[in-house]
Amino acid sequence: MGALNGLKVLEIAAIGPAPFCAMMFADMGADVVRVDRRVDAGLGFSMAPKFDVMGRGRRSIALDLKSPDDLTVVRQLIAAADVLIEGFRPGVMERLGLGPEPCFADNPRLVYGRMTGWGQDGPLAHAAGHDLNYIALSGALAAIGPADQPLPPLNLVGDFGGGGMLLAVGILAAVLEARRSGKGQVVDAGMVDGATLLMASTYGMRAAGIWNDQRQNNALDGAAPWYGAYRTADGQFITIAAIEPKFYAELLARLELDPATLPAQHDRPRWPELRRAFADTIARRTRADWVERLDGTDVCFAPVLAMHEAAAHPHNAGRGTLIEQDGVVQPAPAPRFSRTPSALRGGSPQPDAHRDEVLRDWGLQG
């Protein structure tokens, strides 16, 4: 039934990291009920529910949060929940009459999870923004990309790594504490905080003097020839990450390069020369050739796969890393549990598809 079986989560419909957090909880067995809007609020891209991967595994009830009658229903659901997840700008839930104070009055054990970009306070708290803005303020964006310009890393660092996952960790910690103390609390997950937290090791290296602020000038940002992506003869790409000396020696052996003819691994002024040697060698063979030669070795190698290729890779296929539901290939639940495995529990619901059963199951009607 999943590690979170029995946990009741009320999700106020939003976009991005908040539903990602709720998806993880649903995958792990929580009973996640999404409160959808009676009127389309333009919450995201328009697509059929089966394509809404982050909406999988919940039930839905549609309510008008500005209607007194529907607001009463929401308050009753909150009173029965263990967790509330909301992703509005600061102050919106308060204006609806659903801020922490009245919710705690109804349910003192409630864990109130708040997902925003800038956090609940600070000079920018009420400003609009998106992932790119939050990671820009954290220092992460400045470190990513070629030397002449930062490169947006999709919306993985702020929205999902520094947002949804941070909220999930915070909520679970607060649930554990609430079971000891009998008291709930607010979990304030700001994406700028989470993106900065993901930079912990990089900030440490910078303080130690082994990382600098110039992009593509450090060991892990594309400057080191032995840590990067290379084009193959067929226009595809492979990656190598031979950081440790023994892995680097294995790389040279499998590329059939003589160490005596090359700069030393950590001879930084001669890295461009070393990169040319690697690039010229790798460009002589196709990606498939390099997979055959390097896959599973201690070179620290992987081909660069497009999303349509990833599910068929033997490792991903063997672990079931990507699975199919209703014709849609999507990530499998993660992490893996040995005794209480997670599972897909249906796709994203149509709004209001479960009104009667949610109200019955959560004790709001006979």
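Quick notes on this one:
- Checked against the criterion of being acidic (Asp, Glu), over 22 Å from residue 220 (Cα atoms) and assigned to a helix (DSSP H, G or I), segment 333-355 contains not a single residue that satisfies it.
- Residue in segment 319-330 that is under 19 Å from residue 236 (Cβ atoms) and among the basic types (Lys, Arg) present: no
- Residues that are in a helix (DSSP H, G or I) and among the hydrophobic types (A, V, I, L, M, F, W, C) were ranked within segment 81-120; the one that is surrounded by the most Cβ atoms within 10 Å (Cβ to Cβ) is 103.
- Residue in segment 210-217 that is assigned by TED's automatic domain parsing to the domain that holds residue 99, under 26 Å from the mean Cα position of the chain (by Cα) and among the charged types (D, E, K, R) present: no
- Among the candidates 86, 101, residue that is of a type in the set (Asp, Glu), in contact (Cβ under 8 Å) with a residue 40 or more places away in the chain and more than 30 Å from residue 151 (Cβ to Cβ): 86
- Test: residue 167 is of a type in the set (A, V, I, L, M), closer than 24 Å to residue 20 by Cα and touching a strand residue (DSSP E or B) at 6+ places or on another chain (Cβ under 7 Å): yes
- Odd one out for residue 128, checked against (1) more than 27 Å from residue 184 (Cβ to Cβ); (2) modelled with pLDDT under 95; (3) of a type outside the set (S, T, N, Q): (2)
- Output for segment 333-357, where each listed residue is more than 10 Å from residue 56 (Cβ to Cβ), surrounded by 14 or more Cβ atoms within 10 Å (Cβ to Cβ) and in contact with a helix residue (DSSP H, G or I) (Cβ under 8 Å, 6 or more places away or on another chain): 342, 343
- Within segment 262-314, the set of residues being within 17 Å of residue 232 (Cα to Cα) and basic (Lys, Arg) comprises 275, 276, 284, 285, 287, 293.
- Selection status of residue 213, surrounded by 14 or more Cβ atoms within 10 Å (Cβ to Cβ), charged (D, E, K, R), touching a residue at least 24 places away in the same chain (Cβ under 8 Å) and at negative phi: no
For (1) acidic (Asp, Glu); (2) surrounded by 18 or more Cβ atoms within 10 Å (Cβ to Cβ); (3) in the same structural domain as residue 100 (by TED's automatic domain parsing); (4) under 12 Å from the mean Cα position of the chain (by Cα), each residue gets a yes or a no:
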| position | (1), (2), (3), (4) |
| --- | --- |
| 158 | no, yes, yes, yes |
| 162 | no, yes, yes, yes |
| 168 | no, yes, yes, yes |
| 173 | no, no, yes, no |
| 182 | no, no, yes, no |
| 192 | no, yes, yes, no |
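- Of all residues making up segment 1-35, the number that are assigned to a strand (DSSP E or B) and in contact (Cβ under 8 Å) with a residue 40 or more places away in the chain: 9
- Any hit, segment 64-75, residues being within 20 Å of residue 32 (Cα to Cα), more than 27 Å from the chain's Cα centre (by Cα) and in a loop (DSSP other than H, G, I, E, B): yes
- Residues that are surrounded by 24 or more Cβ atoms within 10 Å (Cβ to Cβ) and either of a type outside the set (A, V, I, L, M, F, W, C) or at pLDDT below 95 (or both), drawn from segment 28-39: 34
- Condition met for residue 186 (touching a Ser or Thr at 6+ places or on another chain (Cβ under 9 Å) and either buried (at least 18 other Cβ atoms within 10 Å of the Cβ) or among the aliphatic types (A, V, I, L, M) (or both)): no
The values are calculated or read from the model by the stated rules, or taken from the named source; none is laboratory data. Model, not experiment: these values are computed from the prediction. Note: ideal-geometry Cβ built from the backbone for every residue, glycine included; neighbour counts use all protein chains shown.
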